[in-house]
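A short write-up of the structure that comes next.
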Amino acid sequence: GCEILIRSLIPTHSIDIMKKNRKPSPHLTNGPAKLVQALNIPAKLNGSLINNKNLLISSEKKTPHKLIASTRIGISKGQDKNWRFYFNC
């Protein structure tokens, strides 16, 4: 199997809805808890498969231009390792 943990995102759509789901903050989705609150994802979906139709991430398909690896943020060990990955779309 393969697993992906989405820890944050940069919102581009439905920002007003995200603000209603969370207390107003300049950082709506910059951490796992903030992300699920902003997207109003219920805890019962924890561990669900993405393709089981209980959670739709996007109906708009975007092709990532490049997978970027960089150092993790806020860690004390492994600062020299590129353990943070993100797509530039």
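Structure data summary
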| quantity | calculated |
| --- | --- |
| Restraint check, Lys34/Lys66; Lys34/Lys77; Lys44/Lys66; Lys34/Lys81; Lys20/Lys66; Lys23/Lys44, Cα-Cα greater than 30 Å | Lys44/Lys66; Lys20/Lys66 |
| Per-peptide average of other Cβ atoms within 10 Å, ordering 26-35, 71-80 highest first | 26-35, 71-80 |
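Every read-out reported here was derived from the displayed coordinates using simple, explicitly stated rules and does not represent laboratory data. All values reported here derive from a predicted model rather than from experimental measurement. As a convention, Cβ positions derive from the backbone with ideal geometry for all residues, glycine included, and neighbour counts pool all protein chains shown.
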